[in-house]
1. Pull out a ≥ b ≥ c, the square roots of the eigenvalues of the alpha-carbon gyration tensor of segment B:301-433, then state rounded if a/c is under 1.5, prolate if not and a/b is larger than b/c, and oblate in the remaining case.
2. Sort B:298-305, A:228-235 by the packing proxy (mean of other Cβ within 10 Å over each peptide's residues), most packed first.
3. Limiting things to C-alpha atoms, what are the Rg and the maximum Cα-Cα separation (Dmax) for segment A:1-111, in angstroms?
4. List residues of segment A:305-339, by number, whose backbone nitrogen lies under 12 Å from a label position 7 Å along Cα→C-beta of A:Val282.
5. Summarise the partner chain shielding of B:99-106 as one whole number: the mean count of Cβ atoms from other chains within 10 Å of each residue's Cβ.
6. Could you identify which residue out of A:Glu311, A:Glu84, A:Glu157 has the top mean-square fluctuation in a GNM of chain A using Cα springs shorter than 10 Å?
7. Could you tell me what a quarter of the Cα convex hull surface of segment A:121-266 works out to, in nm² with one decimal place?
8. So if the hydrodynamic radius of segment B:50-106 is defined as the Kirkwood radius over C-alpha pairs, what does Stokes-Einstein give as its diffusion coefficient at 10 °C and 1.306 mPa s, in µm² per second?
Number of protein chains: 2
Amino acid sequence: MPVNIPETAQKRVVIIGAGFAGLRLARKLFKHNFQVVLIDRNNYHQFQPLFYQVATSGLEPSSISFPLRKVFQKSENVFIRIAEVRRIMSEKKLIDTTLGTVWYDYLIIATGATTNFFGMESFETNSIPMKSVSEALFLRNTLLENFEKAVTIRDEEEVRRLLNIVVVGGGPTGVEVCGALAEMKKFVLPKDYPELDFNLMNITLVEANTHLLAGMTEVAGKKALDYLANLGVEVKLKHKVEKYDGNTVELEDQENLETRSLIWAAGVKGQMPSGIKKENVVRGNRIKVDAYNRIDGCENIFAIGDIAYMETKAYPQGHPQVAQVALQQANCLAENLKKMQRKKDLVPFKYRDKGSMATVGRNRAVVDLPHLRFAGFPAWLVWMFVHLMSIVGVKNRLVIFINWLWNYMTYDQSLRLIIRPSAKSVEWQKRQK
Amino acid sequence: MPVNIPETAQKRVVIIGAGFAGLRLARKLFKHNFQVVLIDRNNYHQFQPLFYQVATSGLEPSSISFPLRKVFQKSENVFIRIAEVRRIMSEKKLIDTTLGTVWYDYLIIATGATTNFFGMESFETNSIPMKSVSEALFLRNTLLENFEKAVTIRDEEEVRRLLNIVVVGGGPTGVEVCGALAEMKKFVLPKDYPELDFNLMNITLVEANTHLLAGMTEVAGKKALDYLANLGVEVKLKHKVEKYDGNTVELEDQENLETRSLIWAAGVKGQMPSGIKKENVVRGNRIKVDAYNRIDGCENIFAIGDIAYMETKAYPQGHPQVAQVALQQANCLAENLKKMQRKKDLVPFKYRDKGSMATVGRNRAVVDLPHLRFAGFPAWLVWMFVHLMSIVGVKNRLVIFINWLWNYMTYDQSLRLIIRPSAKSVEWQKRQK
């Protein structure tokens, strides 16, 4: 059954995914002569760079999520459908979704990336990933529940296991969540749980590489390491994890770590929709595209953002999977779609690296710009400014700013709520299956 | 197994429930010569009067919830335990909880009230109650999901059923949620869903009584009726609902109403812990108490708030189940517990009615004070001020104020997010069972 979308004379552009790439593309085509269908499984756009603050009770999910329908209010040419994509059928120019089939003139795959466990099942089962607002909330609830359990237990070994947190992966996510957890341990938890001895609690960051923040300069990685050590985080570089049963993390050739909370931030892989030909899928589960983000052998199917893999002279291994690439590819593709309409020559994508940054905590951050790098308080201010300005929605900006100011002044995040789904919601979900 | 609570020479006061009554009592005993154990199933206090704004996307759950541990930070005499109470064993001065057993010197039952379906199973199964933050969120998600479904459907009858909302119960909750929904229909939904025809949507309030807001003056009820009619809500007074299968509401001697969303706000009953003797339970599933909130025949067990039923000259049918009674009973009991310690005479509870109020929407509210009643814009301002001042936490106040101001100026609530629990959270919950 086809999805209920009005038929027009306009060419129909179907975009799968409303992350940085998909949302930007839809906005660029807003009020242009295309019919745009934006499909996502959620009715909101999520701002990934701040998931870790949701997980550590610093921000509410709503502050970093934005309803898609609000972005395209009163829009006449953008149609939003909340659905999962089941299959792409390129020979028929159709996709099959949980709402029915949708035909397209142009299909844009912007499904992004998901957690990569590199085939290690014990981590997939027992660790906690952080690649969606829902997962960040789940992590928050799990940590808080473990503290609550620790209060009621007398066995010191078990208390340690409940308090300890191990983070695997020393990229920006791993570094930022470790910093936030260390500040919670220092400023908030002893006040909330006067009954517990937080000297028993260890926060450990495990990274296989020789330095942190692999995407940035080595200087930045070293600085981040200093900051984390300063906050009491134990950083284990050149260590590989092997197995995790929910209680004990086994390290390669090393002693074990005891923890009930293992946060997995070790890598991502493309979130591949089904129906993409095998020969188009390359390493990291990404889709190989040409300089116009077009999929090889498909005139009218494109991939942009984290899922796309484009080899260029400057980036022979593909671009880094970051927001900037996604946004710039969306901009470029929007221009090219308009050019196609006017039968003009297409422009190849060229990435302009605007730099990268990571924050570790209060007054502590590292910034690498193309010709300048700095750290400390100024870097921390720049980090906040850039993130605040990148957030969708004036009210979200305002609310996040107030939260940050508040947390900064009071050394406290006050969102330590374990809000579970209602019994009825669980019951109704079961009924639907 | 006993719960891990340190033994002291202080008398131990165990409070079940951290609603208005339980939380106030614990705060009044904070830093006094008692050991206080506050037990709740959630790690936060919920501000019930604003649940309807969570349900209608106006406020976030976190704005009206407050972490219990934050209230009692650094406290030496208040112990918080997140647990369900399984049974009261008064002969042993023990309660059994999901964390283990807790002994008490004084036990305070402040479990509040829950939804009363008056034995009508079809409503219990298919309608949506609104007696917790989680339920309010579930209601929000359900309404938004129904709008999303309506977009994809061509059958007009089914579209109507998805858009229509029926609210049963014309007390403050029913009136307030109807007002908020009517404003959403008027200001927000047509912008979010330009594809849908909201002339198809009916909001209906069904009330068995002859007027709305039974706890207030008849003038206030009439005014609320005017306001609702003005906003396009169809109010059916003197109508009783009989059955609801999830699609069709059957009314006694009347035509049916078609809706997929029935909000149940028709009544409450005491949330009775097990182990209370049958002879102590009276109508409305409440516990009969004397003038000191003591349960008959139990020297050291008290009930306060919505669960308590106290007959007095002024209130021969018991006090109304409202926040003011709960707070005043908690204050009185705190004084009496201190008097008991000093072996002084106890003071009987006396309720001082400070008035009641309800809001219907922008600039529309009704206020009944003991010697004064008014409506409209001044009532609406008073309503906002009183609720803002009653909220726990300065930051919550600030955030709610900004939200209200924002919504007032923009005619918009921007929290229309359907955030579902992560797959892992559902999986882990199953595993625990």
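Throughout, read-outs are computed from the coordinates displayed, never taken from laboratory work. In this text, all values refer to a predicted model and were calculated from it rather than measured experimentally. Every residue, glycine as well, gets a Cβ built from its backbone with ideal geometry; the counts of neighbours run over all protein chains shown.
1. The shape class here is oblate.
2. B:298-305, A:228-235
3. Using the Cα atoms of segment A:1-111, the pair Rg, Dmax is 14.8, 49 Å.
4. A:308-320
5. Partner-chain Cβ atoms within 10 Å, mean over residues of B:99-106: 1.
6. Residue with maximal mean-square fluctuation among A:Glu311, A:Glu84, A:Glu157: A:Glu157.
7. So the Cα hull casts an average projection of 8.5 nm².
8. D = 111 µm²/s.
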